[in-house]
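Enquirer: Sharing a structure here in structure tokens format.
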Amino acid sequence: MTDTLTLRTPDDWHLHLRDGAMLRAVTPETARHFARAIIMPNLVPPVVTAADAAAYRDRIMAALPEGARFQPLMTLYLTEQTDPEDLARAHESGLITAVKLYPAGATTNSASGVRDFDKVRPVLERMAEIGCPLCVHGEVTDSDIDIFDREAVFIDRVLDPIRKATPGLRVVMEHITTMQGVEYASDGGPDLGATITTHHLVINRNHILAGGIKPHYYCLPVAKREEHRLALRRAATSGDPTFFLGTDSAPHTDANKLQPCGCAGCFTAPNTLSILAHVFEEEGALDRLEAFTSLNGPRFYRLPVNEDRITLTKGAPVSYAERIVTEDGPVTLFDPGFPLLWQVQT
Ligand code: DOR
Ligand code: ZN
């Protein structure tokens, strides 16, 4: 029985660190296990210019514990006013790694996102020219489309037309949740990648709604039927370089989760690697965990793989605090619902 696992240090290709007190509380949680992360720009106000990204990167660096070697990979929040030249300079200088597309109204702090996709056409064309990846929150927002169908409809109505109209545009389908997402990404060739979260490998929609509503399992895109979760598991554990880890760890205070209109997001940064080792072991794919956490992402982003290693060991159940303390209030960790036997050695 395998009970020790050594991996190149993982990266998180989709992460929310927030700002202020929350940033200070959650940044060390990711820096403990991950070398790099793609940092989501959906602050209030959002990170829209190169100057915003530079200032945010400085605040992240200031929130790192002494001696931490974590590298934030910054993104810009695409708006209908984004200046293609500001973006191109920020990418050329290495300040930003990617740009995030939120359809307006799709999720937390997406009000400044894109309403009319034709308006961002010149920016997307410039991004294709310079090879800057576009990270896409792939859900339509039409009120007549059922929330469980929004990802599949987005692929047909928005994503596929954008990709056909913009040859060479490199796209990451963020946090895919459906078999349609898996299929589209698998068939998309080298310019298309897809991130999969930890929580979508663990929960389906029953976990949110059956036997009482579980606000800590509510996130966007919302978890779908079991058959979709199984398709995500097959994709993540397949070794296919299209698929890589983007936790979408999205901390909200308990006060903001546990209210009549609660926020979307699962906070998985602290226990993600223990959960993933469990999932990959269940799927008989521990030998492919490193591809998912540490190899496929850098390959898509054309970055070197990390040279450092982390080791996980399997033993007695690991105890994670149920919640972390922040100056804004407690933040509850994602509970996978099973004992975690794999622990990262520090
Ligand atoms: O669950 C989510 N939370 N999904 C998102 O797309 C955004 C994120 C957040 O920022 O809270
Ligand atoms: Zn996100």
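Enquirer: For segment 86-108, name all the residues that are surrounded by 15 or more Cβ atoms within 10 Å (Cβ to Cβ), within 16 Å of ligand 2 (Cβ to nearest atom) and modelled with pLDDT of 90 or more.
Expert: T97, A98, V99, K100, L101, Y102, P103
Enquirer: Tell me the residue from A128, A152, A111 that is assigned to a loop (DSSP other than H, G, I, E, B) and among the small types (G, A, S), please.
Expert: On the way: A128 fails: assigned to a loop (DSSP other than H, G, I, E, B); A152 fails: assigned to a loop (DSSP other than H, G, I, E, B).
Just one listed residue meets the conditions, A111.
Enquirer: Report, ordered by the first and then the second residue, all pairs with beta carbons closer than 7 Å, sequence separation of six or more or different chains, a first member in segment 30-45 that is in contact (Cβ under 8 Å) with a residue 12 or more places away in the chain, and a second member that is of a type in the set (D, E) and surrounded by fewer than 24 Cβ atoms within 10 Å (Cβ to Cβ).
Expert: What qualifies is A35/D308; L43/D19.
Enquirer: Applying the selection to segment 263-293, what residues are within 16 Å of ligand 2 (Cβ to nearest atom), open to solvent by less than 10 Å² (accessible area, probe 1.4 Å) and of a type in the set (A, V, I, L, M)?
Expert: Listed by number, the list holds a single entry, A269.
Enquirer: Still on this model: Given the criterion over 25 Å from L312 (Cβ atoms), within 16 Å of ligand 1 (Cβ to nearest atom) and out of contact with any Gly (no Cβ under 6 Å at 6 or more places or on another chain), identify the matching residue among C261, C266. Explain how you work it out, then say what you get.
Expert: Working: C266 fails: over 25 Å from L312 (Cβ atoms).
Residue meeting the stated conditions: C261.
Enquirer: Moving on to the next point. When segment 74-85 is examined, which residues are found to be under 19 Å from M173 (Cα atoms) and either open to solvent by 10 Å² or more (accessible area, probe 1.4 Å) or more than 16 Å from ligand 2 (Cβ to nearest atom) (or both)?
Expert: So the first thing to find is which residues in segment 74-85 are under 19 Å from M173 (Cα atoms), and the list is 74-79.
Result: T79, single match.
Enquirer: Suppose we filter segment 116-148 for residues that are surrounded by 15 or more Cβ atoms within 10 Å (Cβ to Cβ), at pLDDT 95 or above and not aliphatic (A, V, I, L, M); how many remain?
Expert: So the count comes out to 9.
Enquirer: Tell me which residues, restricted to segment 91-108, are within 16 Å of ligand 1 (Cβ to nearest atom), part of a loop (DSSP other than H, G, I, E, B) and of a type in the set (A, V, I, L, M). Walk me through how you get there before you give the answer.
Expert: Our first condition is that a residue be within 16 Å of ligand 1 (Cβ to nearest atom); within segment 91-108, this holds for 98-108.
Filter again for part of a loop (DSSP other than H, G, I, E, B), leaving 102, 104-108.
If the condition is that a residue be within 16 Å of ligand 1 (Cβ to nearest atom), part of a loop (DSSP other than H, G, I, E, B) and of a type in the set (A, V, I, L, M), then A104, A106 are the ones that fit.
Enquirer: Please work out which residue is nearest to T311 (Cα to Cα), limiting yourself to segment 30-54 and to residues that are open to solvent by less than 10 Å² (accessible area, probe 1.4 Å) and small (G, A, S).
Expert: Among those that are open to solvent by less than 10 Å² (accessible area, probe 1.4 Å) and small (G, A, S), it is A37.
Enquirer: Which one of the conditions (1) among the aliphatic types (A, V, I, L, M); (2) closer than 16 Å to F267 by Cβ; (3) in contact with a Cys (Cβ under 9 Å, 6 or more places away or on another chain) does I39 fail to meet, given that it meets all the rest?
Expert: Looking at each condition in turn, I39 falls short on (3).
Enquirer: Still on this structure, I have one more. Of the residues A165, A152, which single one is at negative phi and buried (at least 17 other Cβ atoms within 10 Å of the Cβ)?
Expert: One residue alone meets the criteria, A152.
Enquirer: In segment 203-232, which residues are within 14 Å of ligand 1 (Cβ to nearest atom) and either aliphatic (A, V, I, L, M) or at pLDDT below 95 (or both)?
Expert: Residues satisfying the conditions are I203, I208, L220, V222, A223.
Enquirer: Here's a follow-up. Among the candidates A31, A25, A21, A35, which residue alone is over 19 Å from G67 (Cβ atoms), more than 13 Å from ligand 1 (Cβ to nearest atom) and more than 13 Å from the chain's Cα centre (by Cα)?
Expert: Details: A31 fails: over 19 Å from G67 (Cβ atoms); A25 fails: over 19 Å from G67 (Cβ atoms); A35 fails: over 19 Å from G67 (Cβ atoms).
Exactly one of A31, A25, A21, A35 is over 19 Å from G67 (Cβ atoms), more than 13 Å from ligand 1 (Cβ to nearest atom) and more than 13 Å from the chain's Cα centre (by Cα), namely A21.
The values are calculated or read from the model by the stated rules, or taken from the named source; none is laboratory data. These numbers come from a predicted model, not from an experiment. Positions of Cβ are generated from backbone atoms using ideal geometry, with glycine treated the same way; all protein chains shown enter the neighbour counts. The area values use the complete protein model at the heavy-atom level, side chains included, leaving out ligands, DNA and RNA. Shrake-Rupley method; radii C 1.70, N 1.55, O 1.52, S 1.80 Å.
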